[in-house]
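Working notes, structure below.
The values are calculated or read from the model by the stated rules, or taken from the named source; none is laboratory data. Fair warning: this is a prediction, and the values are worked out from it, not measured in the lab. Here the Cβ positions follow ideal geometry from the backbone for every residue, glycine too, while neighbour counts run over all protein chains shown.
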Amino acid sequence: MSNLTKSIPADERKMLRKAFWRSFTLYAAVSPAKQGASGFCYSLMPFINKFYKNDEEGKKAALTRSMSYFNTTITCSTFIMGLVASMEKKNSEQKDFDASSINAVKSSLMGPLAGIGDSIFWGVLRVIAAGIAVGLGASGNVLAPIVFLLLFNIPSILVKYYGTFLGYKLGSEYIQKVYASGLMNILTKAASIVGLIMVGGMTASMVTFNSTYELTMKGESVLNLQNMLDQIFVGIVPLGLTLLCYYLLKKKNISITVLIIGVIILSILLSLLGIA
């Protein structure tokens, strides 16, 4: 791994270390609409300030890109940060660079890395560390909590640290090859499709509507609203609500806060009316 860090210029290694330390604030200010976007932007600011030092418009655009939705396993987040930083560097150097590819690649990596990171670090490493610590604790060893923290955090922090450099190094080499082969447009489109699939999956799993309304006549059910909706299109209400919120957000410039409050009020009203 020392060769990995040494192959990067000293000033960029310094910025990567700053990004690593700043990444611990990734989820310090979480919002439903942005998740860890503010922490992601804060981590990348050393790069943005350097690469766009003499380009205020470019800096504003880069900061805006960094404030887009971001959510993945914390341990894997620095790999994406390093990759995005290398793409921002290329964007600042090349006028014909497709800036939209930055967020497309970023969005396409969040889901897969979250799946890998959650499985390895939360599903395996944490369980193993807890099992060893519980055994020590059961025998009366007062160091059990410390052992757990060390066993879990040392591998996680090492992966997180070197992941920053790996993402930056691979990103630089990868972008050069992609541009040389003329595959950037294909890459951008493919990454955008993966990102949309991830958003669609999140919508299907996180936005739900289950109606309890049922019309009866003479003690017999003649209309079950949920069954009728499912026959038309399963998940039609969550999909419609999501598209409506997107329309209000993008076309009518309604703030996220207003939309959240509106959805909460609508949910309460539907519950009080016995509809859902």
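Which count do you get for residues in the range 125-158 that are under 24 Å from PHE70 (Cβ atoms) and either among the aliphatic types (A, V, I, L, M) or at pLDDT 90 or above (or both)? Going through the range 125-158 one residue at a time, the tally reaches 7. For the range 17-46, enumerate the residues that are under 27 Å from VAL258 (Cβ atoms) and not hydrophobic (A, V, I, L, M, F, W, C). Within the range 17-46, TYR27, SER31, PRO32, LYS34, GLN35, GLY36, SER38, GLY39, TYR42 meet the criteria.
Filter the range 136-152 down to residues that are more than 21 Å from GLY117 (Cβ to Cβ) and either touching a helix residue (DSSP H, G or I) at 6+ places or on another chain (Cβ under 8 Å) or not in a helix (DSSP H, G or I) (or both), then give me how many there are.
Initially, the range 136-152 is screened for residues more than 21 Å from GLY117 (Cβ to Cβ), giving 136-147.
Those left that are additionally either touching a helix residue (DSSP H, G or I) at 6+ places or on another chain (Cβ under 8 Å) or not in a helix (DSSP H, G or I) (or both): 136-137, 139-145, 147.
Looking only at that region, the number is 10.
Pairs linking a residue in the range 245-256 that is of a type outside the set (D, E, K, R) to a residue that is part of a loop (DSSP other than H, G, I, E, B), with Cβ atoms under 8 Å and 6 or more positions apart or on different chains, are LEU248/ILE254; ILE256/PRO32; ILE256/ALA33.
Among the residues of the range 31-60, the one identified as of a type in the set (A, V, I, L, M), closer than 22 Å to LEU249 by Cβ and surrounded by 17 or more Cβ atoms within 10 Å (Cβ to Cβ) is ALA37.
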